[in-house]
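I have placed the structure first, in the form of structure tokens, so that the comments after it can refer back to it.
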Amino acid sequence: GRPHRYAQSHPDALAREAASNLSALAQYRSLARGIEWQQRTVEIAERSGDRRSLAWQHAQLSFVHVLAGDVPSAELAVEAARSLAGAELSGRWGDNVAMATAVVRAVAGRTDDAEQICRELIAAGLRDERHLHVHYASCFLVDLLTARGALDDAD
């Protein structure tokens, strides 16, 4: 006798996705506005209580801060994502947070950490057949190795 609703059609889920899309759109014109919209996605995700979604929105926020050149804020956002992820977050959700962590650590100058994260993502993705994350991590790893001058490893 109770109504059932597909979780992604919940008003907060729709609002979160709309805000996320508006953030992506705004980033082309104003990173400050993009950050505002992405912060809204975090606030909406907090209301939902879904740790996976909230971790992903914090990770997305870290990417926008990287684009804006604000590494300290990116580090805070990615650490919030990591604390929410904990050990229980796996699969694509955990991969998304790990990839954001690798990017933020690389721009913060911690390229060895970023490389290790990429290699772990690649290994886990190959094992569990999450090919998209293998692709993302491989491309980023090539960038890291090329920047370091390790062209044979990048090859």
Seminar exercise, completed: Selection from the range 10-45 of residues modelled with pLDDT of 90 or more, of a type in the set (D, E, K, R) and surrounded by fewer than 18 Cβ atoms within 10 Å (Cβ to Cβ) yields Arg29, Arg33, Glu36, Glu43
Exercise. In the range 7-64, which residues are of a type in the set (Phe, Trp, Tyr) and free of Cβ contacts under 8 Å to residues at least 40 places away in the same chain?
Worked result: Tyr28, Trp37
Exercise. Of all residues in the range 87-97, which are free of Cβ contacts under 8 Å to residues at least 24 places away in the same chain and open to solvent by less than 50 Å² (accessible area, probe 1.4 Å)?
Worked result: Gly94
Exercise. In the set Ala59, Ala106, Ala77, Ala81, which member is more than 26 Å from Ala13 (Cβ to Cβ) and crowded, with 16+ Cβ neighbours inside 10 Å?
Worked result: Ala106
For this session: Could you please tell me which pairs satisfy a Cβ distance under 8 Å, a separation of 6+ or placement on different chains, a first residue in the range 137-148 that is farther than 18 Å from Asp95 by Cβ and open to solvent by less than 20 Å² (accessible area, probe 1.4 Å), and a second residue that is of a type outside the set (S, T, N, Q) and part of a helix (DSSP H, G or I)?
Result: Leu145/Glu115; Leu145/Leu151; Leu145/Asp153; Leu145/Ala154
For this session: State all residues of the range 120-134 that are open to solvent by 70 Å² or more (accessible area, probe 1.4 Å) and either at pLDDT 95 or above or hydrophobic (A, V, I, L, M, F, W, C) (or both); if no residue qualifies, say none.
Result: Leu126, Leu132
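The values are calculated or read from the model by the stated rules, or taken from the named source; none is laboratory data. The structure presented is a predicted model; accordingly, all values stated were derived computationally and were not measured. Using ideal geometry, Cβ is built from the backbone for each residue, glycine included, and neighbour counts are taken over all protein chains shown. Accessible surface is based on the protein model in full, side chains and every heavy atom, while ligands, DNA and RNA are left aside. Shrake-Rupley method; radii C 1.70, N 1.55, O 1.52, S 1.80 Å.
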